[in-house]
Amino acid sequence: MERDSHQEGEAQGVNICDPPNESNPSADTLATSLSLLGNHMFPDPVEKNDCSTGKDDPAQSLLSGVKAEEQHLDAEPRPNQVANMETEETACSNSSECQNNTSTQPANGGTEDAAINNDQSDSGEFVVTMLAKAKLEEQGLGVKGRSSPLLEAGTQESPAFMSHREEDVTADSWRQHRKHVFVLSEAGKPIYSRYGSEEALSSTMGVMMALVSFVQSGDNIIRSVYSEQHTVVFLQKGPLVLVCVSSSRQSEQQLRGELLYVYYQIISMLTQASISRIFEHKKNYDLRRLLAGSEKILDGLLNLVDSDPSFLLVAVHCLPLASSLRDSISQILQKAITPNLVFSILIAKNQLLTIVQEKTVIEDTRLEPSDVHLLLNLIGASSAFQAGEIWTPICLPLFNPDCYFYAYISYLDPPECTVCLLLLSTDKEAFYAVAECKRKIEEAMVAQNSLSLIAKAQSYSVSQVGVSDLRHFMYKPFDVPDNYRQLSQFTSPEMEAPYSSEEEKMRLLDLYRYMHSRIHSTSRPLKLIYHVAERETLLAWVTSKFELYTCFSPLVTKACAITAITKLLRWIKKEEDRLFIRYPPKYSTTPNPSKSSRSGKSDQQDSTDNGFLSLL
């Protein structure tokens, strides 16, 4: 085996490839230009590249002199200390053999805003009118038979949520946050900030946009900026620019993936086509008008990204359940159908219980894990969903970023509200038909005592695996029959001692992120990593059939770890029908199955007033 004890390319800083020329200005020119723009936070020259941009301390600049505390990992030293802190063995470093799994109601007094509304109406999309509360109540949409609880949720924000919005951006506590996320338009208009108000950060976001624009003027793209304590990652998607400033040890690729989730969550509420059309008409449009009330959804998403490994693995975590019970529940969903019903999804305890898809969808495409993550985050964003039956349009960005589905959301076990039914249709007028499906599902589940059995279902402990010295693991299978086109899934036990506290959970997740970045390194992807840390030993292994991350007690040798993994794989194989959805059922909603495909846009793009954000 080849011994490897150095950091990969993404952790080495910045490589400069393009020499200054007339079309590619020098770093001195960049610093001068930023000074002329009123930015006095870049005293040193900035080097840029089509891949990344680096300087002595640009991240400090973007955070107005950030002085965040260093976020140390016990098993992740600075690059020049890696050789002294870890021992790694790699079975393969050939990239061709390794698995690389990437991937307020607006003011209506101005003529420009009126033009936007007219443009949206003519195009058959809603963006502005969907925020009209009067329309929602007039048409009886949202929560049937009562005022929408999400309307109240949007106005009664929790104190913790308000504290983030009102945080002083000049205070040290703001600078010391582990990860900042900013969203702005190409015109430099603030759209979202994870901490602090957008108004207070408008000048900071202006500097970010100036940096992006300056690099673009040299026919380059700014992707990242590195400093000693921070990594700044830029992502431009259409008219939106997303920026992450992180003091964590995550790779650029991982941070960019998190920014993509933020972008997808925005698209899920407005659609890509609507956003593009708005900014084509008015480049300095304030998108916050349309996203008013959605900050909690974006905040919740970023909290999940930090604490849930599903986002790292791009896979869905299924609730462990006896295969016979899961199959019987799937059959119930399979029988309760109506024309244009595309997906029937049952969620329990924030984990996927089962999913049933329309046949044409399975033939054409599949529901991606990222879309499921967005749906789970949406449902968990507010307890108002527990108040009744919600009917709202929502976009699934990876399925089709320009069209809407119409989502019926209802809990089946009030007041506990742990089992949630989500039905997605392409027909905006199908509320009552879909509600009838829910009634049939609920009656059948009560008759079979399914709800009480689901309530007893629990995640498993690592001790049930029966492997000594194994503390935790994450397993993602790849050997799934292509014809089923099922969701990517993973399984993982509950985190137990010594990872009971939030701090220790985050430390273990950071170790997993480090191993993941090494496995999926863009410069030298690895197949097997044995990593000895101060408090634990980790082993990561990726093959054509699975991706596995394991955590052992600190004194476990490499030979013992490999033996333990063999036992673990046997246990997973034995329990796979309980841990995963192996063969997702399907149904046909003829005579109108074509509307479920990507090309079926007629109903998905219809103009409507029952907007999701009107519920917020």
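Which helices (runs of 4 or more DSSP H) sit wholly inside the range 316-400 and have at least 1 residues that are touching a Pro at 6+ places or on another chain (Cβ under 9 Å) and at pLDDT below 95? Outline the logic, then answer.
On the way: elements: 323-335, 359-364, 369-380.
In the range 316-400, 323-335, 359-364 are the helices (runs of 4 or more DSSP H) which contain 1 or more residues that are touching a Pro at 6+ places or on another chain (Cβ under 9 Å) and at pLDDT below 95.
Please go through the range 414-439 and pick out each residue that is under 27 Å from the mean Cα position of the chain (by Cα), part of a loop (DSSP other than H, G, I, E, B) and small (Gly, Ala, Ser).
none
Conditions tested, residue by residue: (1) closer than 11 Å to Trp391 by Cβ; (2) crowded, with 22+ Cβ neighbours inside 10 Å; (3) not charged (D, E, K, R).
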{"position": "Cys417", "(1), (2), (3)": "no, no, yes"}
{"position": "Thr426", "(1), (2), (3)": "no, yes, yes"}
{"position": "Val434", "(1), (2), (3)": "yes, yes, yes"}
{"position": "Glu443", "(1), (2), (3)": "no, no, no"}
{"position": "Ala447", "(1), (2), (3)": "no, no, yes"}
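How about the range 517-563: which of its residues are in contact with an Asp or Glu (Cβ under 9 Å, 6 or more places away or on another chain), closer than 25 Å to Glu496 by Cα and among the β-branched types (Val, Ile, Thr)?
Ile529, Val532, Thr537, Val556, listed by residue number.
So, in the range 345-356, exactly how many residues are closer than 20 Å to Ile394 by Cβ and either touching a Phe, Trp or Tyr at 6+ places or on another chain (Cβ under 8 Å) or of a type in the set (Lys, Arg) (or both)?
Final tally of qualifying residues: 2.
Looking only at the range 172-212, filter to residues that are acidic (Asp, Glu) and touching a strand residue (DSSP E or B) at 6+ places or on another chain (Cβ under 8 Å); which one of those is surrounded by the most Cβ atoms within 10 Å (Cβ to Cβ)?
The initial filter retains those residues of the range 172-212 that are acidic (Asp, Glu), namely 172, 186, 198-199.
Still in the list and also touching a strand residue (DSSP E or B) at 6+ places or on another chain (Cβ under 8 Å): 186, 198-199.
Numbers: Glu186: 17, Glu198: 19, Glu199: 11.
Only one residue tops the list, namely Glu198.
Scan (1) surrounded by fewer than 23 Cβ atoms within 10 Å (Cβ to Cβ); (2) modelled with pLDDT of 95 or more; (3) hydroxyl-bearing (Ser, Thr, Tyr) for the single condition Ser597 breaks and write down its number.
Checking Ser597 against (1) surrounded by fewer than 23 Cβ atoms within 10 Å (Cβ to Cβ); (2) modelled with pLDDT of 95 or more; (3) hydroxyl-bearing (Ser, Thr, Tyr), the one that fails is (2).
Just give me the residues in the range 197-225 being in contact with a helix residue (DSSP H, G or I) (Cβ under 8 Å, 6 or more places away or on another chain) and of a type outside the set (A, V, I, L, M, F, W, C), in sequence order.
Ser197, Glu198, Thr204, Arg223, Ser224
Would you check which residues across the range 150-177 are over 15 Å from Thr204 (Cα atoms), modelled with pLDDT of 55 or more and in contact with an Asp or Glu (Cβ under 8 Å, 6 or more places away or on another chain) and list them?
His164, Arg165, Ser173, Gln176
Being assigned to a loop (DSSP other than H, G, I, E, B) and within 17 Å of Leu291 (Cα to Cα) is the filter; apply it to the range 189-211 and report the residue that is nearest to the chain's Cα centre (by Cα). First the steps, then the outcome.
Residues of the range 189-211 assigned to a loop (DSSP other than H, G, I, E, B): 189, 194-201.
When the remaining residues are screened for being within 17 Å of Leu291 (Cα to Cα), the result is 189, 194-199.
Values: Lys189: 23, Arg194: 15, Tyr195: 18, Gly196: 21, Ser197: 22, Glu198: 22, Glu199: 25 Å.
Ranking the candidates gives Arg194 first.
Taking Glu358 as the residue in question, decide whether it is over 21 Å from the mean Cα position of the chain (by Cα), crowded, with 18+ Cβ neighbours inside 10 Å and of a type in the set (D, E, K, R).
Working: over 21 Å from the mean Cα position of the chain (by Cα): yes; crowded, with 18+ Cβ neighbours inside 10 Å: yes; of a type in the set (D, E, K, R): yes.
So Glu358 passes the test.
The values are calculated or read from the model by the stated rules, or taken from the named source; none is laboratory data. Computed from a predicted structure; not experimentally measured. Note that we place each Cβ from the backbone using ideal geometry, even for glycine, and neighbour counts take in every protein chain shown.
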